[in-house]
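The values are calculated or read from the model by the stated rules, or taken from the named source; none is laboratory data. These numbers come from a predicted model, not from an experiment. All Cβ positions, glycine included, derive from the backbone under ideal geometry; neighbour counts span all protein chains shown.
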Amino acid sequence: MMTEVKKLPKRSEVNIEDTWRLEDIFATDEAWETEFIEVKGLIPQIEKFKGKLGNDAKNLLEALQLKDNIAERFDRLFIYANLRHDQDMAFPLYQSQQTRIMSLQTDWETATSYFTPEILEIPEMTLTEYVMNNPSLGSYQQMFKKINRMRPHVLTADKETLLALMGEVANASKNTYDMISHADLEFPMIVGEDGLEVQITHGNCFMLLQSTNRDVRETAFKSYLGTYKKFENTFASTLAGAVKSQNVFAKIRNFDSARQASLAENNIPERVYDQLVETVNEYLPLFHRYVELRKKMLGVDELHIYDMFTPITPETKISYTYAESIELVKESLKIMGAEYSAIIEEGFADRWVDVYENEGKRGGAYSAGKVYGAKPYILMNWQDTITELFTLTHEFGHSAHSYLSCKNQPYVNSLYSAFVAEVAANCNEALLNHYLLARITDRNERMYLINNILEGFSGSVFTQTRFAEFEQLIHQKSAEGVALTADALTEWYYDLNKKYYGDDVVVDNESGTMWAMIPHFYLNFYVYTYATGNVAALSLAKQILEEGETATTRYIDNFLKAGCSDFPIDVLKNAGIDMSSKQPIIDAMAVFEGYLNEMEELLN
């Protein structure tokens, strides 16, 4: 008897209504090509201002406006090429487009590399006078503040040009990782929960780990990581290259570390990072209490990491189709008011979302927002699970933030910082949690949802902080001259797993290789923002639910519309959250404990 095999559709076989409408950026690939040639031809015009930025306010304004105009057009080229590439990473034309746009990015960064050094040659008092005498320069005031803060770390114009030329080389490790992980790795076939053979993919692996069948969970976990382990030396090399590059660039710019360099640009004190790791470590016993509850609920003698994702109420399963999820997202966000709801409606109606998996499509999910003049498109790899529902509202949080930021800020202030990037997304999730819990009265379904909340918090706070601790460790080790070999990376990651999961989890050897599957380690201290973003979001959602329109208006007007018009710590303060203190983390842990208490009560 032949076993039925589930295969992914080719891109051409996907229903067009379930794909994003990238034609709204460029109607055809030929139109992209025409624009590419024009923008490439415009870049040399930037050279005419070289050595003249400090001449007078009028000259400075003209240079900045030209730079912004070209940058905005370049961004549209960049987002189109990357989205087309991600929808089918094996398609030659889109591989070529992405390669060419990355090369053009280097040309662009090289051509504009003199801007910051030359602006720094203008005395601060003179810059202030320029702004006072020419109101059109007012929109660049925050940019001038950021540049002035970085005075000790900006090099001479010729050295900045050299660093810009190195940009493409510096990104080589991440690009290689992306291609191997998403285009070249071939995951094995396993028998799924329904008894049919299914090939593991980036998109379905997590769903398989949620299976009520423990054999499926174990096989999926070990097969997925086993595939990465086959190439662990290659992945160690790419990660080591990325870390070394970040450390070297930080040293060249006179920073003490890559972390300091990453946080300094947006005026984030390093204590924010350290207090996150320290405080989460203090609350690990609370997480261990959840782990102990999970072990008890699953009724297993040994709890493994592959048991950490399945619902602990296996007799109950809440799943939603994509159509059902659309309505739940809309309804749960009505509390945000008419302006916000209209954005969500537009996103679903106007094909912002690329919904389902297909052959060659990048795994995971993201919102490709923060591109001026383009829609904040969303990539999904939809499975009918509650996790996907929360991912959908999460990505729409990013998209609404991008939409409002771009609509209400000039180009120069439209790109909100990484530090606040996860806040709106996690706030949406918190509001969805509240909406669903207010309507679910069945004991088992309520337990299922609370488990999902506990698991989501664990993933965004405890797990991301573990990632942050690992990222800091490997940068320190590399800076000390320690080789980042596969064996060393695996040992360090394994030890962190042991500490974070505690004594009630059997940490299998395979788990040490999990470092190889995390693309965020190539993004130079980004992962911690998932944790800080979730912490801030929980506080904001609490304000919205308790204060109503007052808090919603403050959140939308002072935060979502603010872009980078102020430093991110200050933007959050304007919304009512002080992330320079430990208190939001402590408050978030209280929320987690509250849900944990309710779960324990429901069990009695």
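The figures follow:
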| read-out | value |
| --- | --- |
| Residue in the range 45-58 that is among the small types (Gly, Ala, Ser), free of Cβ contacts under 8 Å to residues at least 24 places away in the same chain and not assigned by TED's automatic domain parsing to the domain that holds residue 392 present | no |
| Subset of the range 11-34 (residues that are surrounded by fewer than 17 Cβ atoms within 10 Å (Cβ to Cβ) and either in a loop (DSSP other than H, G, I, E, B) or in contact (Cβ under 8 Å) with a residue 12 or more places away in the chain (or both)) | 11, 13, 15, 17, 18, 19, 21, 24, 27, 28, 29 |
| Qualifying position, being at pLDDT 95 or above, surrounded by fewer than 20 Cβ atoms within 10 Å (Cβ to Cβ), closer than 21 Å to residue 184 by Cβ and not assigned by TED's automatic domain parsing to the domain that holds residue 183, among 93, 61 | 93 |
| Residues of the range 108-151 classified as surrounded by fewer than 18 Cβ atoms within 10 Å (Cβ to Cβ) and under 30 Å from residue 360 (Cβ atoms), total | 1 |
| Out of 272, 277, sole residue that is touching a residue at least 60 places away in the same chain (Cβ under 8 Å) and closer than 14 Å to residue 471 by Cα | 277 |
| Residue within the range 42-64 that is more than 25 Å from the chain's Cα centre (by Cα), farther than 25 Å from residue 137 by Cβ, part of a helix (DSSP H, G or I) and of a type in the set (A, V, I, L, M, F, W, C) present | no |
| The range 164-211, residues that are more than 23 Å from residue 392 (Cβ to Cβ) and among the β-branched types (Val, Ile, Thr) | 169, 176, 180, 190, 191 |
| Residue 539 over 28 Å from residue 341 (Cβ atoms) and either of a type outside the set (A, V, I, L, M, F, W, C) or touching a residue at least 12 places away in the same chain (Cβ under 8 Å) (or both) | no |
| Contacts under 6 angstrom Cβ, first residue in the range 177-193 being at negative phi, partner part of a loop (DSSP other than H, G, I, E, B) and surrounded by 19 or more Cβ atoms within 10 Å (Cβ to Cβ), 6 or more apart | 182/89; 182/362; 183/89; 187/200; 193/211 |
| Spans of helices (runs of 4 or more DSSP H) in the range 497-604 with at least 3 residues under 22 Å from residue 461 (Cα atoms) | 528-547, 568-575, 583-603 |
| Meets criteria (at pLDDT 95 or above, closer than 29 Å to residue 412 by Cα and of a type in the set (S, T, N, Q)) for residue 490 | no |
| Pairs where the first residue, in the range 225-238, is outside any helix (DSSP H, G or I) and the second is of a type in the set (A, V, I, L, M, F, W, C), C-beta under 8 Å, 6+ apart | 231/180; 231/185; 231/516 |
| Any hit, the range 164-173, residues being farther than 30 Å from residue 64 by Cβ and in contact (Cβ under 8 Å) with a residue 24 or more places away in the chain | yes |
| Test: residue 557 is acidic (Asp, Glu) and either crowded, with 17+ Cβ neighbours inside 10 Å or more than 22 Å from residue 399 (Cβ to Cβ) (or both) | no |
| Residue identified as touching a residue at least 60 places away in the same chain (Cβ under 8 Å) and assigned by TED's automatic domain parsing to the domain that holds residue 318 among 450, 440 | 450 |
| Exclusive hit being at pLDDT below 90 and within 17 Å of residue 46 (Cβ to Cβ), set 117, 152 | 117 |
| Exclusive hit being assigned by TED's automatic domain parsing to the domain that holds residue 297 and touching an Asp or Glu at 6+ places or on another chain (Cβ under 8 Å), set 568, 584 | 584 |
| Within the range 477-487, considering residues that are assigned to a helix (DSSP H, G or I) and free of Cβ contacts under 8 Å to residues at least 40 places away in the same chain, the one farthest from residue 514 (Cα to Cα) | 477 |
| Residue identified as within 26 Å of residue 420 (Cβ to Cβ), over 21 Å from the mean Cα position of the chain (by Cα) and among the charged types (D, E, K, R) among 346, 302, 359, 327 | 346 |
| Selection status of residue 590, under 27 Å from residue 420 (Cβ atoms), among the aliphatic types (A, V, I, L, M) and without any contact (Cβ under 8 Å) to a residue 40 or more places away in the chain | yes |
| Qualifying residue in the range 462-482 (condition: buried (at least 22 other Cβ atoms within 10 Å of the Cβ), among the β-branched types (Val, Ile, Thr) and over 30 Å from residue 248 (Cα atoms)) | no |
| Tally of residues being acidic (Asp, Glu) and either in contact with a strand residue (DSSP E or B) (Cβ under 8 Å, 6 or more places away or on another chain) or under 16 Å from residue 389 (Cβ atoms) (or both) across the range 308-329 | 2 |
| Complete set of residues in the range 244-269 that are assigned to a helix (DSSP H, G or I), touching a residue at least 40 places away in the same chain (Cβ under 8 Å) and among the small types (Gly, Ala, Ser) | 245, 258, 261, 262, 264 |
| Residue identified as outside any strand (DSSP E or B) and within 26 Å of the chain's Cα centre (by Cα) among 201, 219 | 201 |
| Only listed residue being charged (D, E, K, R) and in contact with a strand residue (DSSP E or B) (Cβ under 7 Å, 6 or more places away or on another chain), chosen from 361, 295 | 295 |
